[in-house]
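Presented below is the structure to which this report refers.
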Amino acid sequence: MIEEITIIGGYDKQGNKEPVEKVIIKKGEIFGVVGPTGSGKSSLIGDIEQLAQEDTFSKRKILVDNKEPSYEDRTNPRKKMVAQLSQNMNFLADMSVGDFLTLHAKCRGASNKCVNAVVELANTLTGEPIKNEHELTILSGGQSRALMVADVAIISNSPIVLIDEIENAGIRKHDALKALAGHGKIVMVVTHDPVLALMTDKRIVMKNGGMQNVVHTSEKEKQISEKLNKIDELMLNLRDRVRNGEILEEIEHIEI
Amino acid sequence: MRMIIVAGTPGSGKTAVLMHALKSLNERNLKSSVVKVDCLYTDDDKKFAKIGVPTKVGLSMDMCPDHYAIYNTEDMISWAMENESDFLVMETAGLCHRCAPYTVNCLGVCVIDATSGPNTPLKVGPFLSTADVAVITKGDMISQAEREIFRERVLEVNPNCKVIEANGLSGQGCVELAEEMLKSKEVALDEEKLRHSAPLAVCTLCVGETKVNKKYHRGILRRIDGFQKYEGE
Ligand SMILES: Nc1nc2c(ncn2[C@@H]2O[C@H](COP(=O)(O)OP(=O)(O)O)[C@@H](O)[C@H]2O)c(=O)[nH]1
Ligand SMILES: [Mg+2]
Ligand SMILES: [Zn+2]
Ligand SMILES: [Zn+2]
């Protein structure tokens with residue numbers, strides 16, 4: 001298990017030194033990455049995924065536990081430190097949930113017990129039940145995302161998880177991030193969604209390809225986040241009821 | 001000069017990945033020449049021209065494109081030499097799962113699309129099993145779990161290859177491919193040999209027979225039950 005990663009700043013798109021020189025992210029911490037389209041969020045994520053050593057456009061350097069990762073650590077696919085999760089990802093394999101997870105567990109040298117644990121965790125993240133015998137390819141967006149999160153938390157042993165925009169996923173985002181961080185992962189989430197952005201511990205603000213600032217989530221923001229989470233729960237609940245053919249007559253009142 | 005032979009099914013991302021890798025070599029002042037071999041049509045030459053790399057197209061028409069490429073390797077090498085290139089890069093048509101056009105000293109690169117399903121690595125044959133580098137593309141479209149299963153399957157088929165997970169759109173992983181290209185051996189035409197012999201293909205169909213009925217066929221004939229015979233002189 002790794003304890004922390006360090007991002008050492010490089011240069012922005014104009015070739016100026018990034019205002020933020022160093023960011024340390026610790027195990028179990030959740031970091032946000034925010035900024036307009038084209039501000040360099042994806043390339044920051046890319047640098048971490050490749051454990052860049054001043055060899056990418058930004059010239060950033062990533063340290064793992066305060067050391068340069070070895071060439072072997074960076075390039076041996078079996079040692080991959082970073083797992084990714086994004087809105088564009090789908091399950092394409094022609095298999096049942098149970099068979100697929102069993103195969104994945106086998107690939108990662110994990111025990112078969114993981115399979116049920118993954119399905120259980122996934123079911124806490126989505127309202128639509130997932131069963132072992134379901135075919136992967138017919139799962140809804142929410143079910144797929146929930147299963148991917150649970151799988152990354154339990155079977156994939158990469159210590160760092162990068163999440164790219166899962167806002168419209170139809171899952172309990174709050175719980176999803178907590179599940180990942182709770183399994184000792186370093187979590188980075190690229191998002192504009194206030195539900196997610198405000199539940200992070202800190203967020204990196206990107207501009208012009210550079211890290212502009214690191215904002216600590218304030219106590220007030222954490223309270224806002226709790227409230228937003230309630231709205232999120234309500235939306236999910238309504239979504240399930242509409243899906244099940246119910247006719248909605250009123251919605252419960254939420255204290256804001 | 002080094003020779004890089006890139007194989008992989010159509011649409012797997014060969015051109016996309018190569019464009020990023022060649023750009024990165026360009027930034028280090030290393031020159032490449034590209035030959036694209038296809039059967040009937042390609043517009044890959046226009047894409048490579050955009051990044052300023054000299055490109056030649058070879059269309060094999062009714063011949064197996066890999067056979068055609070192998071036969072023309074010598075001319076390609078001379079052409080790239082004339083261009084004073086550091087790299088000759090050959091992008092194959094990638095249609096045939098039996099041929100693998102890699103020679104002993106080239107860097108054999110197999111580009112394989114992760115969205116094609118976890119059984120694909122088991123199906124594609126020598127162009128994966130005899131490659132030096134397997135570039136897995138389109139991982140951005142599948143789950144982490146599927147990516148990890150796919151990667152293991154690739155390593156099952158070719159335990160010694162270097163696996164690179166690349167994204168043809170963002171260019172992620174393509175610098176790593178450029179690094180592998182830099183480490184490859186010098187090409188030596190007289191000593192070049194195929195790693196994997198081309199498959200048998202000597203029958204009447206090969207020389208233009210169009211009738212389907214069995215009685216018209218001669219040569220090496222293999223039945224669906226595996227029974228094989230030689231018919232003819
Ligand atoms: N999503 C995604 N698309 C890709 C990736 N690599 C290539 N593509 C797309 O796949 C299509 C085929 O790519 P191309 O390089 O022409 O394939 P080739 O026939 O093997 O040369 C193009 O539309 C590319 O933009 C990738 O990593 N991810
Ligand atoms: Mg192409
Ligand atoms: Zn062939
Ligand atoms: Zn024939």
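The values are calculated or read from the model by the stated rules, or taken from the named source; none is laboratory data. This one's a predicted model, so the numbers in the text were calculated from it and none came from an experiment. Every residue, glycine as well, gets a Cβ built from its backbone with ideal geometry; the counts of neighbours run over all protein chains shown. Accessible surface is based on the protein model in full, side chains and every heavy atom, while ligands, DNA and RNA are left aside. Shrake-Rupley method; radii C 1.70, N 1.55, O 1.52, S 1.80 Å.
Here are some notes:
- For segment B:110-223, the helices (runs of 4 or more DSSP H) that sit wholly inside it and include 3 or more residues that are within 16 Å of ligand 3 (Cβ to nearest atom) and either under 18 Å from the mean Cα position of the chain (by Cα) or in contact (Cβ under 8 Å) with a residue 12 or more places away in the chain (or both) are B:126-129.
- Count - residues of segment A:36-52 that are modelled with pLDDT of 90 or more and surrounded by fewer than 17 Cβ atoms within 10 Å (Cβ to Cβ): 1
- Of note, A:Ile62 satisfies the criterion of being closer than 30 Å to A:Ser218 by Cα, touching a helix residue (DSSP H, G or I) at 6+ places or on another chain (Cβ under 8 Å) and either part of a strand (DSSP E or B) or at pLDDT 90 or above (or both).
- Restricting segment B:51-69 to residues that are open to solvent by 40 Å² or more (accessible area, probe 1.4 Å) and in a helix (DSSP H, G or I), the residue that is farthest from ligand 3 (Cβ to nearest atom) is B:Tyr68.
- Pairs, first more than 14 Å from every other protein chain (Cβ to nearest Cβ) in segment A:24-53, second hydroxyl-bearing (Ser, Thr, Tyr), C-beta under 6 Å, six or more apart: A:Ile24/A:Thr6; A:Ile30/A:Thr200; A:Phe31/A:Thr200; A:Gly32/A:Thr200
- Taking segment A:67-105 as the range and being outside the structural domain of A:Leu147 (by TED's automatic domain parsing) and more than 23 Å from the chain's Cα centre (by Cα) as the test, the residues that pass are A:Lys67, A:Glu68, A:Ser70, A:Tyr71, A:Glu72.
- Residue that is surrounded by the most Cβ atoms within 10 Å (Cβ to Cβ) [pool: residues in segment B:70-87 that are in a helix (DSSP H, G or I) and in contact (Cβ under 8 Å) with a residue 40 or more places away in the chain]: B:Ala80
- Screening the candidates B:Thr15, B:Thr103 for the property of being away from ligand 2 (no atom under 12 Å from the Cβ) and either away from chain A (no Cβ under 14 Å) or open to solvent by less than 60 Å² (accessible area, probe 1.4 Å) (or both) yields one hit, B:Thr103.
- Cβ separations smaller than 6 Å between residues 6+ apart or across chains give the following pairs from segment A:228-242 residues that are within 18 Å of A:Asp193 (Cβ to Cβ) to residues that are in a helix (DSSP H, G or I): A:Leu228/A:Pro194; A:Leu228/A:Val195; A:Asn229/A:His174; A:Asp232/A:Val195.
- Hits in segment B:176-196 (condition: open to solvent by 50 Å² or more (accessible area, probe 1.4 Å) and within 17 Å of B:Tyr68 (Cα to Cα)): B:Leu189, B:Lys193, B:Leu194, B:Arg195, B:His196
- Verdict on A:Leu63 being more than 27 Å from B:Leu177 (Cβ to Cβ) and open to solvent by 10 Å² or more (accessible area, probe 1.4 Å): no
- Test set (1) within 30 Å of A:Lys22 (Cα to Cα); (2) open to solvent by 20 Å² or more (accessible area, probe 1.4 Å); (3) among the β-branched types (Val, Ile, Thr); (4) not in a strand (DSSP E or B) - A:Thr137 fails condition number: (1)
- Scan of segment A:87-99 for residues that are open to solvent by less than 40 Å² (accessible area, probe 1.4 Å) and either touching a Gly at 6+ places or on another chain (Cβ under 9 Å) or within 7 Å of chain B (Cβ to nearest Cβ) (or both), ordered by number: A:Met89, A:Phe91, A:Ala93
- Exactly one residue out of B:Val135, B:Val175, B:Val157 is closer than 30 Å to B:Asn119 by Cα, within 16 Å of ligand 2 (Cβ to nearest atom) and among the aliphatic types (A, V, I, L, M), and it is B:Val135.
- Selection from segment A:65-94 of residues that are out of contact with any strand residue (DSSP E or B) (no Cβ under 8 Å at 6 or more places or on another chain) and assigned to a strand (DSSP E or B): A:Lys67
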